[in-house]
Amino acid sequence: MKKNYIKISTIIGILILSAFALSSILVNEKPISPKAENGVLDLRNYNISELKPIEMNGEWEFVPNKLLDAQEFDEQRSHRVQVPSLWTEYDLEGKKVPKYTSGTYRLKILINDSKEILAIKTTNIRMSNAIYMDGKLMGKSGVPAEDSDYIAHNIPYVSYFSPSREEIEMIVHVANFDYASGGGILGSIFIGDQESIGKLRENSLAYDWITIAAFSAMFIYFLGSYLHARVGVGQLFFSLFCFANVLYAVSHGEKVFLAMLPSTPYELFERIQSVSSIWIGLFMFGFFAISLKPFANNSIIKFLYILGILLTISALLPVKINSGLQIYYSLYIFLILAYVIYLQVIAISKRAVGASYLLFSTFTIFIYFTVGTLNVTTNYAINSIPPLLPFICLTMLSLYISNRFMDSFLKKEELSKALLRVDKLKDEFLAKTSHEFRTPLHGIIAISESMLEDRKSFLSEDQEEKMGLIVGIAKRLSNLVNDILDFSKLKEGDLRVNITSVDLFAITHVVVETFSYMIDKDVRVVNHIHRGQFVLADEERLRQILYNLIDNAVKYTIRGKVEISCYELEGNIVIEVLDTGIGIAPEHLRFIFEPFRQYSNSSEGTGLGLSVTKELVHIQGGTITVDSKVNKGTTFSVTLPKATHNETMQHPFSLPIPTVIENKGRKKVIIADDDHVNLKVLIDTLVTENYFIIAVDNGQEVLEQIKKHPDVDLVILDIMMPKLSGYEVCQQLRKSYLVSELPVLMLTAAVRPEDMIAAFQSGANDFLHKPLDTSELKTRIRNLLSMKESSENAVKMEVAFLQAQIKPHFIFNVLNSILSLSYIDLDKARVMITDFANFMRGSFSFENTHSLVPLEKELSLIQSYVNIQRTRFPEKLVWEVQVEESLQCLIPPLLLQPLVENAIIHGLKMKEDQGTVKLTVNREKEMVVFRITDNGLGMSEDQLQQIWNIEKNNSRGVGLQNIEKRLKYYEDASIHISSEENKGTLVELRFPHIQSEKEGC
């Protein structure tokens, strides 16, 4: 400690001696020039045009406390004083001039040539002045007055004049009522020809502007560097040190600040002068204290920081106060320079990086500080030394900073290489470990789910909850394993993509459908993307990108919606995933795509998903951005190249669509896949099984082929297809066909369990992953066809039984009616017996539900039934039949009779007066239209819907549901019922016009 005090004292002593020596050298190194004596400057022996500007220093005449013109000056008693100097230094017959007063200076100048244009230049006349030559005002700064109502403004200026005689009388009015150290002519006033004075002015301005430009450039550079990286507070202090030097340069010397902003109040300007001096020391100290922190004393650092802040506050006090503290400002800077040099000496002794550069820079600052102090306290111009000091200082400091950066860079490079080696080992470990995790994880998930689904397992509610937690954790871990494997492949460059034209609507619809079955909270996923949008991408990886983004949006949205939309921009398609979730804080946005980044509002996961997503977008030639507002939501934007539907991969061949391989009498299978190679493989696989094959390449075509071939036995769908996805097609099919009526097998390259769940939820019977194993595919197709065949056989047996089933109470009622008629009207009894026999024979004659019968046979059966009912209720039933002339066709048995029976029994049952049932048969193009109307009580919409629901759940009777089932096997066949309460019911049945059994096959 004692050694440190000795070092500091030695350094301070050396600096004090250096300052005195430097000031002596600078003050004494003045060019020899004529001196004024007794108020007269004799220049008659000098050729002014050949000389440099002459300093009009020496003995001037002075009258205190008054502002006089030439005549008044002669009437007053004047005193001889030395100029330049403060008037507080004058001894006027034992009296001192007060600090705050005014006064008049006079100097007579003797010259030879009075024809030459001359000029004068002021430097520092405190605090306001006006100069008169032979009674004419030559220039002024501020408005001097004999009291404090004056206007302070101390700016150097140049004035030109043409003398009218060889003796020039110069009067200078000076006033100071603010500056604490006093007023007067503190700086030399120069005289010379206009060229030399002009050069002097230009040199002074050039010195100031060079200093301003040098420090401004460094201020902008280092401030920008700090703001960009937000590291290294030393850069911030150095930039502020440069800024303080800029402030000092614009407020001293030629005071260009006031030249640019002449309306600035001088009180504000004076504060800028004081603050700039203090800040130079404060920010310089801040820079060195951080750069040399290992060698600094914390107590001294705190003391100098606090002292600098207090002095800065004092500079904001009124001018009369802060101007009296100028000596303390200079002393503060001196102390900082002494301590900084002390730290640098220690740093050099400790061989710190770049410390020698700091020492050189500090000495240049010390010289600059000494010159600045002399400029304020003596008649020494700040531009008297060459403008090299700012450049030397900045060069040394820049070399120091660059030296430290280079040293830091080399160390970081070594660390980076070591980290890369460790990182590579880490990636290899993660990849291998993750791969080994997959099998046991799938086992844990399968066993846990089977225990939850097994109704025979006796798990308590608490145990079920814990098992559910195990399943959830295992699934998240499984997703993490997949992300780690993808991340490892991306880092190693092993992930390959197959860029093709991808239907954006189809792929988005599939992902949205998947989430619609998975979300268990109040969040809706809405797809605003329209059909017809195509991008160049890898289909499976684009699905993964969308899945990750939507999953992330759903995860951080408590309630609301997630919207997916797109728009075209400069030949690209921009896909936006917008949510109304909790949002992301601005400070986290720049790190959102970095791997393993998680924030305080993250609920789960490891932070790999978005990193993988970004890399997947980049390897497909796209970009991804994010915009978010806290508590309002987040928008992820993925930009991919636009494609047209024709920009598909070039295959060695192209199949005609539809491709039909007829095989009469065999099972009929529709295959749908947008990839013709896959389609060809499927066709070749199924041809060996002797199926009737219809191959198409889009979802819309599947529905079209179903209409043409309603007797299809199996549909094989790829999930990803243009126009309509496999999910959409399956949903449309399930509106018309039950799972047992038309099996659907879905194919996909996706490996996520969620895709399988979505497929089953949309109505699929089975699910297979690509690439397909042909043996497994054939086996699953056989199983699905066997299931359909078993279901059909069960339906056929049931319908055949129902065809022959006559309700007992109907037979009982008919026999009772025959018995009663035999006593009353024997002829009617015979007719009724005949009709009943025809009806019974027709009911027992059907072999199966797929056979067709002539229309006449069905009408005969209906007529027999109607005759029975008319015989029983002769006054209540009116029967009308209207059949188009010469119309002959085949229809399924029992297609119309149940409908007529329903109209008679249910439509007219509650009607009190006579009821009418009418059957009309007409041909419309290729369809035969049957209309059965009654004028019964009718039904409301709700009642009509209830009837359909009852039919679906009721296995008894050949009802509406059975008729609807059989119609599905015929193209464009349909049944429609409309009814209105108290008016009646209309049943319209449309059936293809078939004239032979072959047409119906």
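The values are calculated or read from the model by the stated rules, or taken from the named source; none is laboratory data. Given the structure is predicted, the values throughout are model-derived calculations rather than measurements. With ideal geometry, Cβ positions are generated from the backbone for all residues, glycine too; neighbour counts draw on all protein chains shown.
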Filter result for the condition that a residue is assigned by TED's automatic domain parsing to the domain that holds residue 268 and without any contact (Cβ under 8 Å) to a residue 12 or more places away in the chain, over 306, 321:
306
Considering only the range 586-606, I want to know if a residue exists there that is modelled with pLDDT of 80 or more and of a type outside the set (S, T, N, Q).
yes
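Going by the structure shown, is residue 340 hydrophobic (A, V, I, L, M, F, W, C), farther than 29 Å from residue 152 by Cβ, part of a helix (DSSP H, G or I) and not assigned by TED's automatic domain parsing to the domain that holds residue 151?
On the way: hydrophobic (A, V, I, L, M, F, W, C): yes; farther than 29 Å from residue 152 by Cβ: yes; part of a helix (DSSP H, G or I): yes; not assigned by TED's automatic domain parsing to the domain that holds residue 151: yes.
Considered against the rule, which asks whether it is hydrophobic (A, V, I, L, M, F, W, C), farther than 29 Å from residue 152 by Cβ, part of a helix (DSSP H, G or I) and not assigned by TED's automatic domain parsing to the domain that holds residue 151, residue 340 comes out as yes.
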For residue 170, all conditions in the list (1) in contact with a helix residue (DSSP H, G or I) (Cβ under 7 Å, 6 or more places away or on another chain); (2) in the same structural domain as residue 64 (by TED's automatic domain parsing); (3) surrounded by 15 or more Cβ atoms within 10 Å (Cβ to Cβ) hold save one; what is the number of the exception?
(1)
Looking only at the range 317-334, how many residues end up being within 51 Å of the chain's Cα centre (by Cα) and outside any loop (DSSP other than H, G, I, E, B)?
3
Out of all the residues in the range 161-182, which are over 30 Å from residue 149 (Cβ atoms) and assigned to a strand (DSSP E or B)?
167, 168
Is there a residue in the range 749-760 that is modelled with pLDDT of 80 or more, aliphatic (A, V, I, L, M) and closer than 20 Å to residue 674 by Cβ?
no
Residues of the range 662-684 being within 15 Å of residue 714 (Cα to Cα) and either of a type in the set (A, V, I, L, M, F, W, C) or within 42 Å of the chain's Cα centre (by Cα) (or both), which ones?
669, 670, 671, 672, 673, 682, 683
What single numbered condition from (1) surrounded by fewer than 21 Cβ atoms within 10 Å (Cβ to Cβ); (2) out of contact with any Lys or Arg (no Cβ under 8 Å at 6 or more places or on another chain) fails to hold for residue 200?
(2)
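Filtering the range 692-727 down to residues that are assigned to a helix (DSSP H, G or I) and among the β-branched types (Val, Ile, Thr), which residue is farthest from residue 674 (Cα to Cα)? Before you say what the answer is, go through the steps one by one.
Let us first name the residues in the range 692-727 that are assigned to a helix (DSSP H, G or I), namely 699-708, 726-727.
Next, only the ones that are among the β-branched types (Val, Ile, Thr) stay: 702, 706.
Details: 702: 12, 706: 18 Å.
Among those that are assigned to a helix (DSSP H, G or I) and among the β-branched types (Val, Ile, Thr), it is 706.
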Taking residue 215 and the conditions (1) touching a helix residue (DSSP H, G or I) at 6+ places or on another chain (Cβ under 8 Å); (2) surrounded by fewer than 21 Cβ atoms within 10 Å (Cβ to Cβ); (3) not β-branched (Val, Ile, Thr), which numbered condition does it fall short on, given that it satisfies the others?
(2)
Within the range 315-354, count every residue that is closer than 16 Å to residue 280 by Cα, small (Gly, Ala, Ser) and in contact with a Ser or Thr (Cβ under 8 Å, 6 or more places away or on another chain).
2
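For the range 120-137, check the following and say yes or no: at least one residue is exposed (fewer than 13 other Cβ atoms within 10 Å of the Cβ) and outside any loop (DSSP other than H, G, I, E, B). Show your work before the answer.
As a first pass, look at the range 120-137 and keep what is exposed (fewer than 13 other Cβ atoms within 10 Å of the Cβ): 135-137.
After this cut, where a residue has to be outside any loop (DSSP other than H, G, I, E, B) as well, the list is 136-137.
Yes, the conditions are met somewhere in the range 120-137.
Can you go through 909, 918 and tell me which one is buried (at least 16 other Cβ atoms within 10 Å of the Cβ) and either charged (D, E, K, R) or at pLDDT 85 or above (or both)?
On the way: 909 fails: buried (at least 16 other Cβ atoms within 10 Å of the Cβ).
After applying the criteria, what remains is 918.
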Which is modelled with pLDDT under 80, touching a Gly at 6+ places or on another chain (Cβ under 8 Å) and surrounded by fewer than 19 Cβ atoms within 10 Å (Cβ to Cβ), of 952, 876?
876
Test: residue in the range 711-720 that is buried (at least 19 other Cβ atoms within 10 Å of the Cβ) and either in the same structural domain as residue 507 (by TED's automatic domain parsing) or at pLDDT below 80 (or both)
yes
